[in-house]
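Input: a single structure, listed below in structure tokens.
The values are calculated or read from the model by the stated rules, or taken from the named source; none is laboratory data. Values in this document were obtained by computation on a predicted structure and should not be read as measured data. Because the Cβ atoms are built from the backbone with ideal geometry, glycine has one as well, and the counts that use them run over all protein chains shown.
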Amino acid sequence: MHEKRFEGNIDRLRAPERVERLEIERVLDLCLEDGQSGSLLDVGTGTGLFAEAFAGRGLTVSGVDVNPEMLAAARHYVPDGDFREGMAESLPYPNGAFDLVFLGLVLHESDEQLKVLKEAFRVTRKQVCILEWPYRDQPFGPPRAHRLSPEDLAELFQKTGFRKWKMMNLADTVLCILEV
């Protein structure tokens with residue numbers, strides 16, 4: 001299980017060229033456009049890169065990851081965050097616990113993508129934001145075979161029960177904003 005999971009060097013996740021490629025401030029601006037989010041769950045938080053940025057915008061931040069080493073790094077960067085070990089397919093939080101659920105470059109790694117989305121849908125009150133690699137060959141990121149096409153994403157969103165979504169192409173990634 002989880003054969004596509006990131007197994008690289010933790011420091012690589014915060015490498016300046018990768019951080020620049022992720023357009024973190026732009027992603028946050030788009031995710032927080034409605035100004036209605038006070039709490040965030042960062043699914044697959046890794047080193048807490050996005051959790052740290054959301055906390056910097058004043059949100060109460062929680063994160064979940066399967067890798068205890070990643071969680072230790074996230075706690076270092078976001079000491080006020082609530083970080084728990086767990087799987088995206090079975091989130092350790094009650095229904096409707098968060099205004100915003102964020103999945104940053106994690107959905108493509110899951111073996112059970114529909115289950116991941118149903119869990120995100122379950123624990124959010126308002127919206128889910130998903131940052132993913134575009135469905136094309138790039139000299140970075142996972143191989144194309146591990147990426148999700150726009151059609152695959154739309155089918156997953158519809159099966160999950162999201163009533164509305166939009167997909168935005170950024171420079172090197174795709175941001176999907178889904179409303180419950």
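Would you confirm, using the coordinates I've provided, whether Lys126 is in contact (Cβ under 8 Å) with a residue 24 or more places away in the chain, in a helix (DSSP H, G or I) and among the basic types (Lys, Arg)? Spelling it out, it is not the case that Lys126 is in contact (Cβ under 8 Å) with a residue 24 or more places away in the chain, in a helix (DSSP H, G or I) and among the basic types (Lys, Arg). Taken together, the residues in segment 141-172 that are surrounded by fewer than 16 Cβ atoms within 10 Å (Cβ to Cβ) and at positive phi amount to 1. For beta carbons closer than 9 Å, sequence separation of 6+ or different chains, a first residue in segment 32-50 that is at positive phi and a second that is among the aromatic types (Phe, Trp, Tyr) and assigned to a loop (DSSP other than H, G, I, E, B), the qualifying pairs are Gly44/Phe6; Gly46/Phe6. I need every pair where a residue in segment 108-119 that is under 10 Å from Ala88 (Cβ atoms) and of a type in the set (Phe, Trp, Tyr) has its Cβ under 6 Å from the Cβ of a residue that is at pLDDT 95 or above and exposed (fewer than 15 other Cβ atoms within 10 Å of the Cβ), sequence separation at least 6 or different chains. Note: no pairs meet the criteria.
Among residues of segment 74-116 being among the small types (Gly, Ala, Ser) and within 13 Å of Gly48 (Cα to Cα), the one that is nearest to the chain's Cα centre (by Cα) is Gly104.
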